[in-house]
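The values are calculated or read from the model by the stated rules, or taken from the named source; none is laboratory data. Predicted model, so just to flag it, every value in this text is computed and none were measured. Neighbour counts run over all protein chains shown; Cβ positions are idealised from the backbone, glycine included. Keep in mind that these areas ignore ligands, DNA and RNA; they rest on the heavy atoms of the full protein, side chains included. Shrake-Rupley method; radii C 1.70, N 1.55, O 1.52, S 1.80 Å.
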Amino acid sequence: MAARHFLTFADFSSAELHQVIDRAIELKAQHRAGTAGKPLDGKVLGMIFEKASTRTRVSFEAGMAQLGGSAIFLSPNDSQLGRGEPVEDTARVLSRMVDIVMVRTFGHDKLETFARHSTVPVINALTDSYHPCQLLADIQTFVEHRGSMSGKTVAWVGDGNNMANSYIEAAAHFDFQLRLACPEGYEPDADLLARYSDRLQLTHSPSEAVRGAHLVVTDTWASMGQEEEKQQRLAAFAGYQVDHELMALAAPDALFMHCLPAYRGMEVSHELMEDPRYSVIWDEAENRLHAQKALMEFLLA
Ligand code: CP
Ligand code: NVA
């Protein structure tokens, strides 16, 4: 049987995604109570990072250790991938040595090529187009604080980037409405906008998007790989900062999330990040650990 992969939310059914979230919450409780088992005893995770990472690397590596397995970090600098060994060959070789692989890379097509040639499950740990593992953590965090996302309204304020694309897919699977406020020319993927149009509202006005929302989310204005566009982007995103003034338009019990790393004073104000009345960013970061443990367990079951 071909291996199951997790490249985007489209690879899983809604029921499977809900199952992963429920299990993530359970694994977190077990971890805190000291009652967690070692369901992935002896399993090995390969981790390919072609971009920098703090949260993703540590959460996958720590998560695998907590589940009884181990992880191997591979970067282009010290693997043959960086010297031009084809991704197809790397996928076939790693498949014979490890049980599961996570890949952080640039083009989503490269991840798809890897997955096509891998006989073990492949997880998207961020591409230019999607960041589905972060969405698992975001949804877990919302559910823990506010319960089901069904029927809720989420406001995305900022760049129509990999995170925004994954939020669009999440809206369909977790039954929420998504309002996206993006500057002109920085909208999310056009095909996704068309495919999920019944779930989405696109605007150029942050206040319009945020009004009455139960969750407000933003991300950096210049993602990894866009460093050279930074100056141009700073100009384009003027007026898109999420701060207390904007949050005041949201629902009274609205939450604020950011996948991190954040640039305080740019996409989010320092004060909002530090305000526990709205900001659940540290829980959100922690939940990467538990959500990915649940994901790996699911894929290896
Ligand atoms: N949110 C996130 O993926 O963080 P890292 O880039 O630190 O892994
Ligand atoms: N959109 C950001 C997310 C970082 C976790 C990036 O791709 O750099």
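In segment 50-78, how many residues are touching a residue at least 60 places away in the same chain (Cβ under 8 Å), in a helix (DSSP H, G or I), among the polar types (S, T, N, Q) and farther than 11 Å from residue 104 by Cα? Here the count works out to 2. Report the residue count in segment 239-286 for those that are acidic (Asp, Glu) and away from ligand 1 (no atom under 16 Å from the Cβ). Here the count works out to 6. In segment 7-21 there is no residue that is under 15 Å from residue 289 (Cα atoms), at pLDDT 95 or above, open to solvent by less than 20 Å² (accessible area, probe 1.4 Å) and within 16 Å of ligand 1 (Cβ to nearest atom). For segment 23-42, a residue qualifies if it is of a type outside the set (A, V, I, L, M, F, W, C), surrounded by fewer than 20 Cβ atoms within 10 Å (Cβ to Cβ) and on the phi < 0 side of the Ramachandran plot, and the qualifying residues are 23, 26, 30, 31, 32, 35, 37, 38, 39, 41.
Inspection of segment 287-298 finds a residue satisfying the criterion of being open to solvent by 40 Å² or more (accessible area, probe 1.4 Å) and away from ligand 2 (no atom under 14 Å from the Cβ). Each residue in segment 226-256 was checked for being hydrophobic (A, V, I, L, M, F, W, C) and in a loop (DSSP other than H, G, I, E, B), and 7 of them qualify.
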